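S.K.: Sending over a structure as structure tokens; questions will come in a sec.
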Amino acid sequence: MKETLKWWQTRLIYQIYPRSFMDSNNDGIGDIPGIISKLDILKSLGAGAIWLSPVYVSPDADNGYDIADYHQIDKRYGTMADMEALIQEAAKRDIKIIMDLVINHTSSEHEWFQKSRKRIEPYTDYYIWKPSDEKGRLPNNWTSAFQGSAWEFDDERGEYYLHLFDKRQPDLNYHNPLIIEEIKNVLRFWLDKGIAGFRCDVINLIYKTSLEDGKPGFLRGAEWYANQEGCHRILQELRRDVLDSYDAFTVGETFMANLEDAKAFCNKERAELDMVFNFDHLQVDRLIVKYIATKFRARKLLAILAKWQNGLDWNAVVLENHDQPRIVSHYGSMQDWEKSAKLLAILQFTLRGTPFVYQGQEIGMSNFDFTDMSNINDVESLNMESLLKKYHIPARLRWKIITDASRDNARTPLQWNDGRNAGWTKGSPWLKINSNYTQINYKNEIDDADSVFHFYQKMIRLREDDEDLLLGDFNSVYSDKSLMVYKRGKSITVLLNFSGKPAKLKLLEPLLNFENTQIIVSNTGRLSMATEIEAWEAIVLKENPV
Ligand code: ISL
Ligand code: CA
């Protein structure tokens, strides 16, 4: 069975946010030579592939997710020669490189947009332009994911253009066949350099079926642009015409896709994407939007996990990325930092699918300890702050809303050691370093055999070696407010206590039989089962072979 798996099913994919990974030349911005210098550590962790967040030329309105040139490396990250060296050095260590493909929009500084606003052919229709009517009204009521209207008026062209994200990120027009050809060239360019595939940014939003008004709601207009038939057709075309010839891998970031949509994107016969990211399980303690908090419930988490684990043949298993809060701050507890970080590792590596670890997750990095708005860089948070101000939301509430959800929580520089600037730079870091770097850092954890880092290392290997963890089906067994139990395949049972209080296992006795099993992992060093599970304890049991 295991032999028939694709490389992207067995390997761990490690996400690097280059800006914050490692600064090699002390200009305060992480860079490609910095990544190369740490490849051995990533190899020892167990990384089989690296997904690199954007390193292309960008004015950084959205930290690289606004690309001004798809064929060049931004100077701050290095040169094309550095990028080629990274691909080679990674290959020497049997690590594949996956690039971030941001093609819903470009930067407003991209040459295509600069020419489009001047109506220079063939760029005139590269973007989604609309004249205003005689009353100067907006073309429709759509809202941007980064607050406010999704339309911006461009004085030079005298028309509005669509931007589903920041106004410096105009959306490309996928009704124009020239765009699809441009994108195919981008894919070929990078695949020819030897990369293994792409993480496709908000890929399910690229095709706008119509520009009619959207229904009332949080992101107005989504019914006309999310998961459209036109998007599926384009993905099929990219796969058939380019990706298949390279046997390239793709994972789609499908923001606002439900299980049915995801099934269509991942359906083997349709040949679109290999897998998709879903974030429903990271919203258990949120109401409608990420800014409104509610209580965490293990019961709810297990129900969502079970739905996706059973609904798709193969999942992208993710607990963190550069947009999400740090998982130990989110679903764990800083009071029980080490135990809860290890519990979350057990959760991630006992689910079915490809695990994605985001830089710093493997040492248990936590949310940023911001002190005021001047610490914040994230465009989403800055736009949110202006919006909240406009509605006269009091400063304290604004601060709470922003610090809890800001994407900068996950973007602070990686903590390498307890020296100055966490060993990350000798210059001045672009974003403040979390002050807990004296405790939470790579150096401490490499030296400590019981650290969170070594626990991740162990879990990564365990998942690769155990056939049931890799391939076994997923079955929920029990859950309540804080306890969760599930099985993988015939032999594995996982028990997790998401709480600072111990819990009785009595209720579980009729459901589980601990006889003839052994504990293969726990985050407490437990040797045998008892009638209680400790606070934040996690246990993996395996049935002995008969
Ligand atoms: O997490 C989110 C929900 O509030 C959004 O921040 C996020 O924008 C959304 O998941 C889409 O993310 C991707 O595309 C964005 C970019 O800013 C994100 O960093 C990227 O991951 C636009 O390119
Ligand atoms: Ca640098």
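Read-outs throughout are calculated quantities, based only on the coordinates presented, and are distinct from any laboratory measurement. Note that the structure is predicted; figures quoted are calculated from it, not measured. For neighbour counting, all protein chains shown are included, and Cβ atoms are generated from backbone atoms with ideal geometry for every residue, glycine included.
S.K.: Among DSSP beta bridges lying fully in the chain, give the percent that are antiparallel, nearest 5. Could you put the intermediate results ahead of the total?
M.R.: Numbers: 36 of 62 bridges.
If we restrict to bridges inside the chain, about 60 percent are antiparallel.
S.K.: Quick one, can you get me the convex hull of the C-alpha atoms of the range 31-89 expressed as volume per residue in Å³? Let's see the in-between values first.
M.R.: Values: hull volume 4.8 nm³, N = 59.
Considering the Cα atoms of the range 31-89, their hull volume per residue is 82 Å³.
S.K.: Can I ask one more? Using only Cα atoms, find the angle between the long axis of helix 177-192 and the longest principal axis of the chain, and express it within 0 to 90 degrees, rounded to the nearest 10.
M.R.: Helix 177-192 sits at roughly 50 degrees to that axis.
S.K.: Per residue of the range 201-216, what does 6.51 cos²θ - 1.76 cosθ + 1.60 with θ = phi - 60° give for ³J(HN,Hα)? Whole Hz please, x for Gly and Pro, Karplus curve as stated.
M.R.: 4, 5, 5, 7, 10, 5, 9, 9, 5, 8, 10, 6, 4, x, 5, x
S.K.: Let me ask something else. Using only helices, what value at 222 nm comes out for the chain when you add -39,500 (n - 2.57) per DSSP H run of length 4 or more and divide by the total residues, to the nearest 500 deg cm²/dmol? Mind dumping the intermediate values first?
M.R.: Values: 17 runs with 152 residues, N = 546.
For the chain, the value works out to -8000 deg cm²/dmol.
S.K.: When a footprinting reagent is the concern and you count Cβ atoms within 10 Å, what order do Trp399, Trp308 take, fewest first? Intermediate values should be presented prior to the final figure.
M.R.: Details: Trp399 17, Trp308 21.
So the ranking, lowest neighbour count to highest, is Trp399, Trp308.
S.K.: With contacts defined as alpha carbon pairs under 8 Å and 6 or more residues apart, what's the relative contact order of the chain in percent?
M.R.: Numbers: 1081 pairs, mean separation 70.8, N = 546.
Worked out over the chain, it gives 13 percent.
S.K.: Could you tell me how far the Cα centroid of the range 28-78 sits from the Cα centroid of the range 508-546, in Å?
M.R.: So the separation of the two Cα centres works out to 41 Å.
S.K.: May I pose another question? Please report Glu537, Glu237 as a ranked list, fewest other C-beta atoms within 10 angstrom at the top and most at the bottom. List each step's numbers first, then the result.
M.R.: Working: Glu537 23, Glu237 16.
Neighbour counts put them in this order, fewest first: Glu237, Glu537.
S.K.: Under a Cβ-Cβ cut-off of 15 Å, what is the net charge of the residues other than Leu238 that fall near it, where Lys and Arg count +1 and Asp and Glu count -1? Don't skip to the end; give the middle numbers.
M.R.: Working: positive: Lys184, Arg188, Arg199, Arg233, Arg239, Arg240, Arg270; negative: Glu181, Glu182, Asp201, Glu237, Asp241, Asp244, Asp247, Glu272, Asp274.
Once all neighbours under 15 Å are counted, the net charge is -2.
S.K.: Run through the DSSP bridge list for the range 1-157 and note the antiparallel percent, rounded to the nearest 5.
M.R.: Details: 3 of 12 bridges.
Just about 25 percent of them are antiparallel.
S.K.: Further question on the same structure: Using only the alpha-carbon atoms, how far is helix 229-238 inclined from the longest principal axis of the chain? Give it as 0 to 90 degrees, nearest 10.
M.R.: Orientation of helix 229-238: about 80 degrees from the principal axis.
S.K.: Normalized C-alpha radius of gyration of the range 471-543, against 2.2 N^0.38 Å?
M.R.: Values: Rg = 11.4 Å, N = 73, 2.2 N^0.38 = 11.2 Å.
Scaled against compact globular proteins, the figure is 1.01.
S.K.: Taking K and R as +1 and D and E as -1, what net charge do the other residues with C-beta under 11 Å from the C-beta of Ile180 add up to? If you can, show how the numbers build up before the last one.
M.R.: Numbers: positive: Lys184, Arg233; negative: Glu181, Glu182, Glu237, Asp241.
Taking every Cβ under 11 Å from that of Ile180, the sum is -2.
S.K.: Under 14 Å from the Cβ of Leu287, count the other residues' Cβ atoms, weight Lys and Arg +1, Asp and Glu -1, and hand me the total.
M.R.: On the way: positive: Arg286, Lys290, Lys295, Arg297, Lys300; negative: Asp280, Asp285, Asp404.
Summing Lys and Arg as +1 and Asp and Glu as -1 gives +2.
S.K.: Oh, and also: For the range 274-286, what does the Karplus curve 6.51 cos²θ - 1.76 cosθ + 1.60, with θ = phi - 60°, yield as ³J(HN,Hα) per residue in whole Hz, taken in order and with x for Gly and Pro?
M.R.: Ordered by residue, 3J(HN,Hα) equals 7, 7, 10, 8, 10, 10, 4, 6, 9, 10, 4, 9, 10 Hz.
S.K.: Okay, next question. What residues have an amide H closer than 5 Å to that of Tyr160, excluding those fewer than 5 places away on the same chain, when H is modeled at 1.01 Å from N in the peptide plane?
M.R.: So Tyr160 has HN proximity to Lys130, Ser132, Asp154.
S.K.: Quick check: the angle from helix 452-465's long axis to the longest principal axis of the chain, C-alpha only, nearest 10 degrees?
M.R.: The helix 452-465 is inclined about 90 degrees to the chain.
S.K.: Hey, what do the phi angles of the range 19-27 turn into as Karplus ³J(HN,Hα) couplings, whole Hz, using 6.51/-1.76/1.60 and θ = phi - 60°, x for Gly and Pro?
M.R.: 3, 10, 7, 6, 9, 8, 10, 6, 9
S.K.: What are the residues whose amide H is under 5 Å from the amide H of Ile103, where those residues sit 5 or more places off or on another chain and H is modelled from the backbone?
M.R.: Asp201
S.K.: For the range 249-344, please report how many Lys pairs fall under 21 Å Cα to Cα, leaving out neighbours fewer than 8 apart on the same chain. Working shown, then result.
M.R.: Values: Lys263/Lys307; Lys268/Lys307; Lys290/Lys300; Lys290/Lys307; Lys295/Lys307; Lys295/Lys339; Lys300/Lys342.
Summing the qualifying lysine pairs gives 7.
S.K.: When only alpha-carbon atoms are used, what values of Rg and Dmax, in angstrom, describe the chain?
M.R.: 23.5, 80
S.K.: Can you put Glu269, Glu111 in order of Cβ neighbours within 10 angstrom, beginning with the fewest? Don't skip to the answer; put the middle values down first.
M.R.: Details: Glu269 5, Glu111 13.
Least crowded to most crowded, the residues run Glu269, Glu111.
S.K.: Can you compute the FRET efficiency between Thr79 and Arg137 using 1/(1 + (r/R0)^6), with r the Cβ-Cβ distance and R0 = 41 Å? Round to the nearest 0.05. All intermediate terms of the calculation are to be shown ahead of the outcome.
M.R.: Working: r = 47 Å, r/R0 = 1.15.
My answer for the efficiency is 0.30.
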